[in-house]
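**Student:** Can you read through this structure? Questions will come right after.
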Amino acid sequence: MASASSVTVKLNTGAEIPLLGFGTVSEDNVENFKEALTAALVDAKYKHIDTAWWYNTEPYIGEILESLDKSGKIKKEDIFITTKVWPCFWNDPENSIEISLKNLKLDKVDLLLQHWPVCFQKVEDSNGRVGLPKDAAGNILYDKNGDYLVTYKKLLKLKDEGKAKAVGVSNFTIEMLERVIKETNVVPACNQVEMHPHLPQLDLYNYCTEKGIVLEAYSPFGSSGAPNLKIPLVKELASKYDVTPADIIVNYSIAKKIVILPRSSNAERVKKGYKLINLEKSEVDALDQFGVTHPQRFVNDPWGKGLGFEHWG
Ligand code: NDP
């Protein structure tokens, strides 16, 4: 059976992006993370890594890419690398990309994303930039003068300067996408959002499809604990096709040409990869309909509240 790591879709830049990418948020220890990443690249033949300054995993990704490249197990340039600019860098994303490129041991990334359409104050401590600055009462310190459009424009400049081959966004609503397109005339290459059978976001899906914006599904299994793998229809289809529930969610996304970014720090699990199957259109539609009638968002970070996302909280 073919593997899901082999299929790609075209970005509006003309570049191909692999539909399966390795999610690199890590809740585990560094050694397990590195082992899982190695299994993804060497055994499961992933060609795409999704990371961010915020995840604190870029240095380990840089180390593994370099060592696997040196030992001839992979070619670094064959791997599609995405990183993201966190809101504390909203006004100076050039500093963010410098840090990311240094940690990743690269001179450019394939895709640079604006992580969130919000702006935090620039606060430094002895460890460097504070990712989530808060006042004494625990309130997030937003930059009142900030505007996410400024960040988007600066990311486009970074692309022109050769630091990224493509620029996209993450956690953008239709209204936000329309604003940046209207103000810059540049359609983002992609929009990375939470998307899965519990949250198909069909209006956003239809809008992005029409505009040629590739959607990327984060938290596809419902994040920690993988609740989406317990959806009865997912389990039913897994047994029909003799694959795992995780394979069904991956193939649901691939059938819709949505990039999918599952995470696992379990190297044995990662090694197996995901099987490529042909879900019937009626099955993909049924999974969408499940989400329409049972909507649930699993990632409800406080800085996303009030931004207009579907089914928040
Ligand atoms: P996922 O939805 O990928 O779920 C991860 C969980 O699923 C882990 O607990 C993992 O456990 C478990 N899991 C994985 N495979 C299986 C399996 N086959 N059977 C049972 N359990 C399984 O979570 P994330 O929220 O991390 O999302 C994935 C990626 O999306 C992130 O790593 C990141 O790259 C991106 N992301 C982007 C965001 C953004 O704002 N742009 C926000 C959130 C995520 P185990 O490790 O034990 O396998």
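The values are calculated or read from the model by the stated rules, or taken from the named source; none is laboratory data. Just so it is clear, the model here is predicted, and its values are computed rather than measured. A quick note on method: Cβ atoms are made from the backbone with ideal geometry, for glycine too, and the neighbour counts reach across all protein chains shown.
**Student:** I want to confirm something. Restricting to segment 221-236 and keeping residues that are among the hydrophobic types (A, V, I, L, M, F, W, C) and either in contact with a Pro (Cβ under 8 Å, 6 or more places away or on another chain) or touching a residue at least 60 places away in the same chain (Cβ under 8 Å) (or both), which single residue is nearest to the ligand (Cβ to nearest atom)?
**Tutor:** Of all residues in segment 221-236, those among the hydrophobic types (A, V, I, L, M, F, W, C) come to 221, 226, 229, 231, 233-234.
Cutting the leftovers down to either in contact with a Pro (Cβ under 8 Å, 6 or more places away or on another chain) or touching a residue at least 60 places away in the same chain (Cβ under 8 Å) (or both) gives us 221, 229, 231, 233-234.
On the way: F221: 4, L229: 5, I231: 13, L233: 17, V234: 11 Å.
Looking at the filtered set, the residue picked out is F221.
**Student:** In the list W90, W54, which residue meets the criterion of being crowded, with 21+ Cβ neighbours inside 10 Å, of a type in the set (F, W, Y) and within 16 Å of the ligand (Cβ to nearest atom)? It would help to see each step written out before you state the result.
**Tutor:** Working: W54 fails: crowded, with 21+ Cβ neighbours inside 10 Å.
Checking each option against the conditions leaves just W90.
**Student:** Here's a follow-up. Filter segment 162-184 down to the residues that are among the small types (G, A, S) and part of a strand (DSSP E or B), then identify the one that is surrounded by the most Cβ atoms within 10 Å (Cβ to Cβ). Before you say what the answer is, go through the steps one by one.
**Tutor:** First, the residues of segment 162-184 that are among the small types (G, A, S): 162, 164, 166, 168, 170.
Okay, now just the ones that are also part of a strand (DSSP E or B), so 164, 168, 170.
Values: A164: 25, G168: 27, S170: 22.
Here the answer is G168.
**Student:** Give the residue that is nearest to W53 (Cα to Cα), with candidates limited to residues of segment 70-115 that are within 13 Å of the chain's Cα centre (by Cα) and free of Cβ contacts under 8 Å to residues at least 40 places away in the same chain.
**Tutor:** Only one residue tops the list, namely T83.
**Student:** Just one of the numbered conditions (1) outside any helix (DSSP H, G or I); (2) within 15 Å of the ligand (Cβ to nearest atom) is not true of I277; which one?
**Tutor:** Evaluating I277 over (1) outside any helix (DSSP H, G or I); (2) within 15 Å of the ligand (Cβ to nearest atom) leaves (2) as the failure.
**Student:** Test each condition in (1) outside any loop (DSSP other than H, G, I, E, B); (2) away from the ligand (no atom under 12 Å from the Cβ) for M1 and report the one that comes out false.
**Tutor:** Answer for M1: the failing condition is (1).
**Student:** I'm trying to understand the selection: among the residues of segment 111-148, which are within 16 Å of the ligand (Cβ to nearest atom) and aromatic (F, W, Y)? Even if it seems obvious, please write down each step before you answer.
**Tutor:** Of the residues in segment 111-148, the ones within 16 Å of the ligand (Cβ to nearest atom) are 111-120, 131-132, 140, 148.
Hits for segment 111-148 are W116, F120, Y148.
**Student:** Could you identify the single residue in I74, I49, I81, I99 that is part of a helix (DSSP H, G or I) and of a type outside the set (F, W, Y)? Can you show your working first?
**Tutor:** Values: I74 fails: part of a helix (DSSP H, G or I); I49 fails: part of a helix (DSSP H, G or I); I81 fails: part of a helix (DSSP H, G or I).
Among I74, I49, I81, I99, only I99 is part of a helix (DSSP H, G or I) and of a type outside the set (F, W, Y).
**Student:** Let me ask something else. Which of (1) farther than 27 Å from N171 by Cβ; (2) among the hydrophobic types (A, V, I, L, M, F, W, C); (3) within 16 Å of the chain's Cα centre (by Cα) is the odd one out, the single condition A52 does not satisfy?
**Tutor:** With respect to (1) farther than 27 Å from N171 by Cβ; (2) among the hydrophobic types (A, V, I, L, M, F, W, C); (3) within 16 Å of the chain's Cα centre (by Cα), A52 is out only on (1).
**Student:** Turning to a different aspect of this structure: Kindly indicate whether Y218 is away from the ligand (no atom under 11 Å from the Cβ) and at pLDDT 95 or above. Show your work before the answer.
**Tutor:** Numbers: away from the ligand (no atom under 11 Å from the Cβ): no; at pLDDT 95 or above: yes.
The answer is no for Y218.
Let's see how each residue does on (1) of a type outside the set (F, W, Y); (2) over 30 Å from P117 (Cβ atoms); (3) touching a residue at least 40 places away in the same chain (Cβ under 8 Å); (4) not in a loop (DSSP other than H, G, I, E, B):
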site	(1), (2), (3), (4)
Y252	no, no, yes, yes
S264	yes, no, yes, no
S282	yes, yes, no, yes
D285	yes, yes, no, yes
F290	no, no, yes, yes
V299	yes, no, yes, no
